Structure formats: structure tokens, C-alpha cells
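Below is one structure, written out as C-alpha cells; comments come after it.
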Amino acid sequence: MALNMRSSLRSLGIEENYQINSLELLPNELLFMIISYLNSIDVVQAFCVPKRFWINLIKLLRVLSKLSILMWKLLPQFFLSTDSYVNLHSIILRCSNFATIDLNVDRDSIQHALHSCLDVLCTFAIFFPTMKMIIRNIKFTLNRFVSSAMNRLCVESCSEKALLLLCAFTPNLMYLKVRQLVSADDDSDCDPMLMSTPSSSTLKQLHITATTKRLNDIQTIERIINHYQDSLEYLTPEISLNKSLDGYYLQGIFEPCQHLKQFSFAFNYWHDETEEISNILHQFQSNWWLDALRPPILIFCDNHRETSIFSMPCHLDDYIWFPSDPQDWLLNKGHISLFDVCFTKQKYLRFINHNRQPLTLDLVNIIGHIFRASQQELSILHCSFVSSNLLLEQLIIERSKDPMLPLVSVLDLNTCNLDQLDAKTLITWLLLASNVKMINICQGNISAKIRLINQLKSLLKEDKRLKSVTDAIEEIRVFYMFDSLNYATKQHICQMYSDVFRKPVIRR
């Protein structure tokens with residue numbers, strides 16, 4: 001093994017005598033890059049090399065599932081004794097995409113830290129059944145299920161009951177992230193007698209997402225926040241609910257957390273038909289919500305009876321349908337043009353226009369101001385404009401100015417009714433978002449695609465100034481690969497688009 005380590009280090013240009021003195025000073029990320037040249041067994045045995053290859057970070061599990069299972073089986077033989085691991089301070093267990101656990105072994109023996117950690121995760125149904133069987137076969141069993149060594153935990157999925165149990169038996173947990181919190185139908189692995197509040201208040205960061213399956217309420221999350229209110233510094237819930245959510249109720253949960261340095265949230269829920277959005281807005285205009293220390297709150301409703309509430313700025317990139325009517329965008333304080341009212345990572349901009357009203361430049365201004373991620377994909381239902389002819393002429397004249405939507409690179413017309421899309425509307429959007437490189441019209445029917453391209457031909461003949469607009473497009477997706485149309489029909493329509501869009505690759 002030592003020979004493997006020397007050759008790996010030499011391949012990275014690190015001399016042996018330098019390694020003896022300075023490797024322990026390198027950051028964990030670089031150390032892991034160095035030891036990544038070794039196989040998994042040598043990685044763990046590297047801790048036995050005295051005074052030469054000191055590291056306090058170990059990734060016992062790799063991304064591949066098979067390797068993860070192998071490493072779980074090898075845990076007992078690697079940590080039979082703690083005498084050889086005097087330099088080991090922390091262990092990171094990484095089980096594929098299911099969980100990542102940081103264990104602090106400064107205050108606990110390695111054996112006890114591993115045993116108690118695995119017992120807690122198995123007992124509270126964190127792992128999937130196959131992994132649980134493998135871990136239990138290792139015979140890591142204690143009389144009590146308390147993992148005092150666990151200080152950071154990130155799990156892919158967790159039930160509400162399991163989350164409460166987990167917090168109750170990890171007294172030193174400082175960071176907790178649940179990528180999907182669910183209301184599990186079967187919680188047979190959770191002993192009801194163990195359902196208690198968390199045993200200590202050390203948690204500083206809590207990140208919980210529940211969007212795949214809507215929760216009935218946020219009582220579990222409220223219970224955890226209330227217990228950790230004296231230690232929480234960062235809080236980011238992203239929750240989808242079946243029932244409405246009251247702004248005063250949220251204030252009652254957040255207000256006692258006096259040490260919060262940052263909290264951001266996103267909630268959406270089904271609202272009653274009689275519920276007025278103005279009443280929802282009023283709930284977030286108390287003195288506490290309007291205080292300068294609190295973030296602006298953006299609220300909008302759609303005609304599907306769904307209400308969305310975001311703290312600003314929002315750093316999500318989620319599947320969200322935004323309203324196309326600017327009057328539906330409500331902010332609890334200030335104006336929507338405030339600089340910190342924005343979505344920093346949202347790349348897929350989907351707008352719904354239930355009333356089928358013509359759009360105005362007010363919506364375009366909102367899109368350009370609020371959405372700040374690069375390489376955006378824009379999709380709008382019923383995308384025609386008010387006074388479209390005047391707007392098109394104005395945009396042609398002002399082409400030298402900066403585009404209103406400079407970050408949009410893809411125009412997805414699949415969600416709009418292609419039968420109602422005319423060539424002038426398409427050119428208008430290409431002028432507003434002059435950095436668009438790809439157009440997608442795969443879902444339109446054949447007659448709509450032919451009608452649109454014929455209109456574009458006529459429009460370009462009438463106004464030569466528009467040729468540079470179509471020439472800027474690099475790709476057009478006209479058909480899906482699985483379309484049942486015969487090859488000759490596809491070829492004919494694609495050739496029609498090639499005659500107008502000279503440069504782009506035409507996807508069939």
C-alpha cells in the first residue's frame with residue numbers, strides 16, 4: 001500500500017520528504033484528490049500510516065451503489081481498534097445519493113460513533129431496505145440509539161415521524177438537510193414510544209424540502225423549529241401543502257428564533273375559491289414582517305387555486321408556473337422593482353395566461369428584472385401582445401439598444417397554442433430576447449407549423465430588416481424523434497424552415 005501511495009503522490013508532483021512535513025496542512029478537498037488515486041481499502045488504511053499521511057477527512061462510500069455496499073461491509077474490519085487512528089477527527093459516510101453523514105470522533109470512540117450512527121439510521125428508516133439489511137448483518141447493535149458523534153446529516157428522503165426521531169437521538173447535530181420530507185403511509189420501523197421532542201438545542205442550519213408529495217400541514221417542521229429556536233442561524237424550508245398557510249402563523253414560528261442570520265422560504269398551497277389574495281398579502285404586512293431585518297415577501301395566485309409565497313431573493317430552481325398578469329405579482333413591502341426582489345437561479349421561466357389576455361411590456365420588464373440566472377428558457381401560454389404591430393415597429397427601430405431579456409437563450413413555444421401564434425409575435429419575442437439561440441415548436445400540429453413558416457417567409461420579403469433576426473438563430477426543434485409522421489413529410493417541413501432560418505440545425 002505504501003508503494004501505491006508513493007507512486008500516487010509522485011504522479012501529482014509531491015515529493016516524499018515534502019509530504020512528511022506539509023500534507024497535513026493541505027485542505028480536505030485536496031487531500032481527497034490525492035488519495036483518490038488509491039483504491040477504497042487503501043483509503044481507509046491510510047489512517048494507519050504514522051506521521052506521514054495525516055488526514056481528517058475520509059469518504060468511506062463512493063457514488064456508485066455497488067461500491068457503497070462494499071464499503072459498508074468493510075467497516076467492521078477497518079475499525080476493529082481505535083489505537084491506530086489517533087489522528088482521525090472526523091468521518092464522512094457517503095451512501096450513494098441516499099445520505100451523507102459527518103461524524104465527530106474527537107469526543108467519542110470510532111467504534112461507538114459508527115455503531116450508534118448506523119443503528120440510528122437503520123432504526124429510523126433513513127436507508128432503503130436493501131441497505132438496512134446489509135448494515136444489520138454487520139451486527140452493529142447497541143442497547144440505546146443515541147448518536148452523539150453525528151454533527152452533520154444530509155438525507156435524500158425522510159418521513160415526518162422519522163425526522164422527529166432522528167432529531168431526538170442526535171443531540172449534537174448542527175446541520176440537517178432533508179431533500180424530500182414525506183408523510184409516509186407506513187411508519188412501522190418507528191417505535192411510537194420514542195416519539196419525543198429533540199433532546200438538545202445545537203442545530204444551527206436546517207434545510208427542508210417537501211415538494212414531491214404535498215404535506216397536510218407543517219406541524220412537524222414547526223415542532224423542530226420551536227425546539228431549536230435558541231440555536232438556529234440558517235433556515236430554508238421549501239414546502240408544498242394541501243391546506244392554506246397563514247402569514248400570522250408563520251410569524252409565530254419564525255419570530256422566537258432570535259439568532260437567525262438568514263432565513264428564506266418557499267411555500268405553495270391550494271387556496272379556497274373565496275380566498276382573496278389581498279387578505280393573504282395583509283397577513284405579511286404586520287410590523288414584524290415589514291421590519292427591515294425581514295426579507296420582502298412575494299405572493300401570487302393562479303387560476304388553478306394555487307398560492308405561492310416566496311421570501312426574496314429566492315435561490316430556487318424549481319418547477320414553477322408564474323402568472324403573466326403583472327397585477328398578480330404582489331409584494332408585502334416596497335415595489336417589485338426593488339433590487340433584492342429576484343430569482344437568482346430559476347432557469348426555466350414558465351408563464352401561464354389563463355385569461356388569454358394580450359401581454360404588455362410590463363410583464364417583459366418583470367421578467368428582465370426578477371430573473372437573473374443565465375441561459376434561461378422562456379415558455380409562455382398565449383404569448384401575443386397588446387398593439388402588436390406598433391410594438392414590432394418600435395422594437396425594429398430600437399434594435400441598437402440593449403435587449404429587454406438578455407438572459408433568455410431558449411424560446412420554448414410548446415406550451416403556447418401554435419395555431420394562434422403568428423409570425424409577427426414570434427419576431428417580436430426574438431427582438432425582445434435577441435440572445436435567443438434555440439426555438440422549440442415540436443408540439444405544434446403540422447398545419448400550424450406550415451402556416452407559421454409561410455407567414456415568416458412573407459414577413460421577411462416585406463421587411464428585409466428582419467433577416468438578421470432569423471439569421472441569429474442557431475437551432476430549431478421542429479419534431480420529436482418519436483413523432484409518427486412519415487419521413488418525407490418531416491423532410492418537407494424541415495426544408496421549409498431551412499429556407500427561412502439559413503444557419504440553424506433543424507432537429508427532426
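The values are calculated or read from the model by the stated rules, or taken from the named source; none is laboratory data. Because the structure is predicted, anything quoted here is derived from the model rather than measured. Every residue, glycine as well, gets a Cβ built from its backbone with ideal geometry; the counts of neighbours run over all protein chains shown. These accessible areas exclude ligands, DNA and RNA; they are computed on the full protein's heavy atoms, side chains included. Shrake-Rupley method; radii C 1.70, N 1.55, O 1.52, S 1.80 Å.
Side notes on the structure shown:
- Net charge dipole, segment 360-507: roughly 400 debye, given to the nearest 20, about the Cα centre with Cβ charges of +1 for Lys and Arg and -1 for Asp and Glu.
- Taking Cβ atoms as reference points and 12 Å as the exclusive limit, the residues near Leu459 contribute a net charge of +3, counting Lys and Arg as +1 and Asp and Glu as -1.
- For Asp246, the shell of other residues with beta-carbons less than 13 Å away shows a net charge of -3, using +1 for Lys and Arg and -1 for Asp and Glu.
- In this label model, Leu338 and Glu398 are separated by 2.7 nm, measuring between points 7 Å along each Cα→Cβ vector.
- Gain on full extension, evaluated as 0.36 nm per residue between Ser278 and Ile450 minus their Cα-Cα distance, stands at 57.4 nm.
- Asp483 accessible area, assembled protein chains, probe 1.4 Å, Å²: 40
- Taking a point 7 Å out from the Cα of Ala472 in the direction of its Cβ, the residues of segment 367-404 whose backbone N falls within less than 14 Å of it are 395-404.
- Positive end of the dipole of segment 238-330 (Cβ unit charges, origin at the Cα centre): among Trp270, Gln327, Ile280, the Cα lying farthest that way belongs to Ile280.
- Total formal charge among the other residues, if their Cβ is under 14 angstrom from that of Arg372, Lys/Arg +1 and Asp/Glu -1: 0
- Apportionment of accessible area to carbon and sulfur, segment 323-426, percent (1.4 Å): 50
- Percent carbon-and-sulfur accessible area, segment 194-295, ignoring ligands, DNA and RNA, probe 1.4 Å: 45
- Under the convention that each Lys and Arg Cβ holds +1 and each Asp and Glu Cβ holds -1, the size of the dipole of segment 207-311 around its Cα centre is about 280 debye.
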